[in-house]
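Written out below as structure tokens is the structure these notes cover.
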Amino acid sequence: MGQLRLSGCRLPDAPGAPASPGRRRLLLVPLLVIMLALWLCMVYSCAAAGSCALAAPGLLPLGASPPAPRAHGPPLAKLLLLRTPGGAKGQLGPEAESDDEDDPDEEGGGGNGAAADPSGALSSFLNGSGVKRLPQAVIIGVKKGGTRALLEFLRVHPDVRAVGAEPHFFDRNYERGLTWYRELMPRTLDGQITMEKTPSYFVTKEAPARISAMSKDTKLIVVVRDPVTRAISDYTQTLSKKPDIPTFESLTFKNRTTGLIDTSWSAIQIGIYAKHLENWLLYFPIGQILFVSGERLISDPAGELGRVQDFLGLKRIITDKHFYFNKTKGFPCLKKAEGSSKPHCLGKTKGRTHPSIDQKVVQRLREFYRPFNMKFYQMTGHDFGWD
């Protein structure tokens, strides 16, 4: 028989035969669509969780570094819940500083929660490719001076990354080591500054030597405030938690008749700034410490933030346009907080109404602090105008 010839048509590929190039290309299209959808889903999950490690363990976007291993020990949240028992009224130091600058329920504050960085989820995701570094700058004090406000204002700057909670590493958790401390820090990119704030460092005797041992180049920031107003604010915070504590007047005096001030009470002793500064100057030059006025942080936040940005070597990005004055709270708020398009004020625990204090007690305290204030002005080369 003659050989059958077909023209103008083609028999289908036999089962098991290799697919033709054109057919393979057609099969790749839906496969690529599915892969793209899965990738976008992963990106969305990472952004929502603020971390790929939280959203999908083992999955990382291209170019991201794997999370650093945790230091051995209890979970981080539990570590930050550990508190040193408070001592007697007269003992100042890590043990006596049982009250954090921020209340536990304050947004982003307090030493009782995980040291999370409450920045925007997308910002956290994009910074996932950075590395965790020990802080180059630390806000070391003072309690009830305005440290939370300063930190929140600074975090508006794109080149500042900071821990939200107070780590209390150099006063309460030093034995856990620098590896543990580094793990608390947010990831940063080249050119960004890592920061933390723990106001009790300023009055902790061991803190200067410990921070110097970490890095002699660490930049230190101290927010100071009229010591009389600061003491009343300190008492007000404690009163809100323990309504049955003695009156401010009874705690202030060792002997009310003679007018002898009880300097062993931490609320009083913290305000003797010159005494605490002497300890820091044993390890750091005065030029490596910036003193921020708590009063001007309220009256002129942009001006004080300008000084802080210069001190940290940052471009002056935070200006007047970032603030508005909240008449109800009595202090400035951010028009747009980091990672948000909405205005942001500090929480309800900030700006508490102070109890009424006998003016004779206030006047006696002013007399007590005056010589210490004068010495502090001389040491810092700056008159804060408290007298």
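The values are calculated or read from the model by the stated rules, or taken from the named source; none is laboratory data. The structure displayed is predicted, hence computed values, not measured ones. Neighbour counts are summed over all protein chains in view; Cβ atoms, including those assigned to glycine, are modelled from backbone coordinates with ideal geometry. Side chains included, ligands, DNA and RNA excluded: accessible areas come from the protein's heavy atoms. Shrake-Rupley method; radii C 1.70, N 1.55, O 1.52, S 1.80 Å.
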Mind checking the full-extension length gain between Asp190 and Lys254? Use 0.36 nm per residue of separation minus the Cα-Cα distance, one decimal, nm. 17.7 nm
Does segment 226-273 come out rounded, prolate or oblate, given a ≥ b ≥ c as the square roots of the eigenvalues of its C-alpha gyration tensor, rounded meaning a/c under 1.5 and, failing that, prolate meaning a/b above b/c? oblate
So Asp244 and His382, fully extended at 0.36 nm per residue minus their Cα-Cα distance, gain in nm 45.8 nm
What pairs from Lys132/Lys335; Lys335/Lys375; Lys197/Lys360 go past 32 Å between their alpha carbons? Lys335/Lys375; Lys197/Lys360
For segment 160-255, what does the accessible surface come to per residue with a 1.4 Å probe? Please give it in Å². 33 Å²
For peptides 185-193, 288-296, sequence by mean Cβ density within 10 Å, most packed first: 288-296, 185-193
Heavy-atom accessible area of segment 254-342 with neighbours in place, 1.4 angstrom probe: carbon+sulfur share in percent works out to 53 percent
